[in-house]
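Student: Right, I'll just put the structure down here and ask away after.
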Amino acid sequence: MIRLLAPMLIIGLCAAAQAQDISFSVSADRTSAMLGERIQVTAQIVSNKQLSGSFAPQVTKSEDFDVLGMNQNSSQSTSIQVINGKMTQTVNITYFFYYSIAPKKTGSFTFPALKTVIDGKTYTSNPFTVTVGKETAQASDVRVILSVSKKSLYQGEQAFLTIKVVQKAGAQVQLSQQGFMAFFDKLEKELSKDFAVVRLFNQLKGVMEVENGEKSVVVKAQYALFPITAGDIAVAPVPFEYVSLKRVQSRRGVNPFEDFFPDADEFFGGGVQQVSRSVVSNGLTIHSVQLPPSPAGFSGAVGSFSMNVGADPKTVPSGEAVTLSVIIRGSTRPGSMGEIALPQLSDCEVFTPEKHVSVDTTQNGISCQKGYKYLLIPRQEGTLTIPSLTWEYFDPAAASYKTLRSDPITIAVTKGKATQAGQTRYLTQEEIRQVGQDIRYIKTSVPGGRQTDQPYKNPLFLILFPIPFLIAGFSLLYKIQAQRYEKDASLALRQKAARRAFRTIAQVRKKADAMPATDFLARIAACLEDFVTHKYGFSATGTTLDELRQQLAARHVETGVIGRLAGLLESMDTFRFGRRSLDAASRAAMLQQATQLVRDLAKQKRGS
């Protein structure tokens, strides 16, 4: 009994090992860096099968380093061994996860162990130590400076954030558009937690400036900030990525002219190494002051504003329109400007206003203009008085609420045009909107041809009458044919597969002597795999011989045919990977075997 159980136990252990063969490791391109340099950490998962689900290792937030970005990739490798004529195939799939980190301070820190969970099992890597030295002189070639126009402001008040990227003139560094865009994305994500953020720039341009007697190339960008929360708001430092260029000298003895010409490397062109680096901006703290209790009519706007109100014409007959224009301008966003309310006007029809909003974005910030156009129709002769309009806002400079107030406007309403007897009122707003829908065009009668009480005697009627029935009949036949074709589509595909296979074998036979051995074997193997795929409805390409046998046996293919097919494929793999020579006789024999196999497989009944 023990002798019977031992082989079964060994087979079970081997099957379990084959079912899940996974390794997990983490490494870094270096464990010693300078402050401002980037370190790439690579997590690698190797498996003998395709993995599904989310299994990317997560790097927790740390006070020692920033995670600048993460990418992932995968690759697959296949190894084939032929021992004593038996071929063994091994497939490994490798998943790579790349983490770019930047140290925050000098000294040493421990990069933590990463974990991943695959099929319910947890795999853990080993932690490692990273040593960070002082910032090199080259790291100071690029600086990122954040500054704000006001460090204390009210909620909703506009402030300007200025970003200066300073590059020392002549420094061997390279700033890229991708680096700027990545920096702005991270900065906006950080700011949007507590501010409404608006870009005040469309393109970036570097200018030469002199600071402390040193020339630098400076790239500036500005944002308009509107605090949406109250209290002390901390803006964390943001990393900026760039590339430093380092000339790499050739090793001693590699350049044959170096002993005679010390500057031979420069003459013949030394290599340039690109090193990814990052520099961290300064942080900011901004104090946001909560607004005092607001009056009843507060619009929600904070800033400096003005209002213009006008009417045209000032004299109008009753029943005709007057346009009332209201324009409010101010230093805020459109969403922060509330609506204006028009007071009730007696003996006057007031239409819903047209609204127009325009925003001007410049280096001086955001200015917004909101306009209203009211259509007024006085009903009675006399004087129409539009009372003063008011609009409340908060003025940060005065630290108080203020009211914009217009002057009253007087419209002289004269006698309107004569009206028909019995008309005692003007059209209402709703009635005027219906005017366009009530207009109908009067169409004159169209002269027709001669009419008869017996149209069926007309030859044209006899010709056209059967057409609808013919169309219906053809449609029914087409539908039946389409259903039949759809049902037999797989059968047609299987029948075409054999003809395509014979045609491919014939083409290879014509060029067999001139084709390289590898091309000849690949064409025959691909022909057989393609035929089996279309004939039996499973992908034969890339399957092992054991899997191929199982699939064909499940479809009730004769054992002898399966054995001959597997033997031919194994023989071709021996020629391909065992470095055996392939002469003309062997090629002819393989073509004959492939032809006979296609015939035999085509005759087999396709099982489930």
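Student: Based on what the data block shows, is SER152 modelled with pLDDT of 90 or more and touching a Leu at 6+ places or on another chain (Cβ under 9 Å)?
Tutor: Numbers: modelled with pLDDT of 90 or more: yes; touching a Leu at 6+ places or on another chain (Cβ under 9 Å): no.
Considered against the rule, which asks whether it is modelled with pLDDT of 90 or more and touching a Leu at 6+ places or on another chain (Cβ under 9 Å), SER152 comes out as no.
Student: Among the residues of segment 195-211, is there at least one that is in contact (Cβ under 8 Å) with a residue 24 or more places away in the chain, surrounded by fewer than 16 Cβ atoms within 10 Å (Cβ to Cβ) and touching a helix residue (DSSP H, G or I) at 6+ places or on another chain (Cβ under 9 Å)?
Tutor: Checked against the condition, which is being in contact (Cβ under 8 Å) with a residue 24 or more places away in the chain, surrounded by fewer than 16 Cβ atoms within 10 Å (Cβ to Cβ) and touching a helix residue (DSSP H, G or I) at 6+ places or on another chain (Cβ under 9 Å), segment 195-211 yields at least one hit.
Student: May I ask you to say which residue of LEU384, LEU404, LEU376 is touching a Pro at 6+ places or on another chain (Cβ under 8 Å) and assigned by TED's automatic domain parsing to the domain that holds CYS348? It would help to see each step written out before you state the result.
Tutor: On the way: LEU404 fails: touching a Pro at 6+ places or on another chain (Cβ under 8 Å); LEU376 fails: touching a Pro at 6+ places or on another chain (Cβ under 8 Å).
Exactly one residue qualifies, and that residue is LEU384.
Student: Quick one: LEU545 ticks every box in (1) at pLDDT 85 or above; (2) touching an Asp or Glu at 6+ places or on another chain (Cβ under 8 Å) except a single one, so which number is it?
Tutor: (1)
Student: Scanning segment 134-164 for residues that are of a type in the set (Gly, Ala, Ser) and surrounded by 14 or more Cβ atoms within 10 Å (Cβ to Cβ), which turns out farthest from ASP64 (Cα to Cα)?
Tutor: Quick first cut of segment 134-164, residues of a type in the set (Gly, Ala, Ser) only: 137, 139-140, 147, 149, 152, 156, 159.
Okay, now just the ones that are also surrounded by 14 or more Cβ atoms within 10 Å (Cβ to Cβ), so 139, 149, 156, 159.
Numbers: ALA139: 18, SER149: 31, GLY156: 35, ALA159: 32 Å.
Step by step, filter segment 134-164, then rank; the result is GLY156.
Student: Can you work out which of the residues in segment 212-243 that are at pLDDT 85 or above and not in a strand (DSSP E or B) is surrounded by the most Cβ atoms within 10 Å (Cβ to Cβ)?
Tutor: To start, the set of residues in segment 212-243 that are at pLDDT 85 or above comprises 216-243.
Now restrict to residues that are not in a strand (DSSP E or B): 228-230, 236-238.
Values: ILE228: 14, THR229: 11, ALA230: 14, ALA236: 14, PRO237: 16, VAL238: 23.
Among them, the one singled out is VAL238.
Yes/no matrix, rows are residues, columns are (1) under 20 Å from SER331 (Cα atoms); (2) touching a strand residue (DSSP E or B) at 6+ places or on another chain (Cβ under 6 Å); (3) β-branched (Val, Ile, Thr):
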| position | (1), (2), (3) |
| --- | --- |
| GLY170 | no, no, no |
| PHE183 | no, yes, no |
| LYS193 | no, no, no |
| GLU211 | no, no, no |
| VAL217 | no, yes, yes |
| VAL238 | no, no, yes |
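Student: To continue, here is another question. Test of understanding: among SER367, SER318, SER306, SER358, which residue is in contact (Cβ under 8 Å) with a residue 40 or more places away in the chain and either β-branched (Val, Ile, Thr) or closer than 25 Å to ARG199 by Cα (or both)?
Tutor: Working: SER367 fails: in contact (Cβ under 8 Å) with a residue 40 or more places away in the chain; SER318 fails: either β-branched (Val, Ile, Thr) or closer than 25 Å to ARG199 by Cα (or both); SER358 fails: in contact (Cβ under 8 Å) with a residue 40 or more places away in the chain.
Only one candidate passes the filter, namely SER306.
Student: Given the criteria modelled with pLDDT under 80 and more than 13 Å from VAL41 (Cα to Cα), does ILE80 qualify? Give the steps one after another, and end with the answer.
Tutor: Working: modelled with pLDDT under 80: yes; more than 13 Å from VAL41 (Cα to Cα): yes.
Answer is yes for this residue.
Student: What pairs can you find where one residue is in segment 503-516 and in contact (Cβ under 8 Å) with a residue 24 or more places away in the chain, the other is surrounded by fewer than 11 Cβ atoms within 10 Å (Cβ to Cβ) and among the hydrophobic types (A, V, I, L, M, F, W, C), and their Cβ atoms are less than 8 Å apart, with a gap of 6+ or different chains?
Tutor: Between residues of segment 503-516 that are in contact (Cβ under 8 Å) with a residue 24 or more places away in the chain and residues that are surrounded by fewer than 11 Cβ atoms within 10 Å (Cβ to Cβ) and among the hydrophobic types (A, V, I, L, M, F, W, C), the close pairs are ALA512/ALA584; ASP513/ALA584.
The values are calculated or read from the model by the stated rules, or taken from the named source; none is laboratory data. Fair warning: this is a prediction, and the values are worked out from it, not measured in the lab. Backbone-built Cβ (ideal geometry, glycine too); neighbour counts: all protein chains shown.
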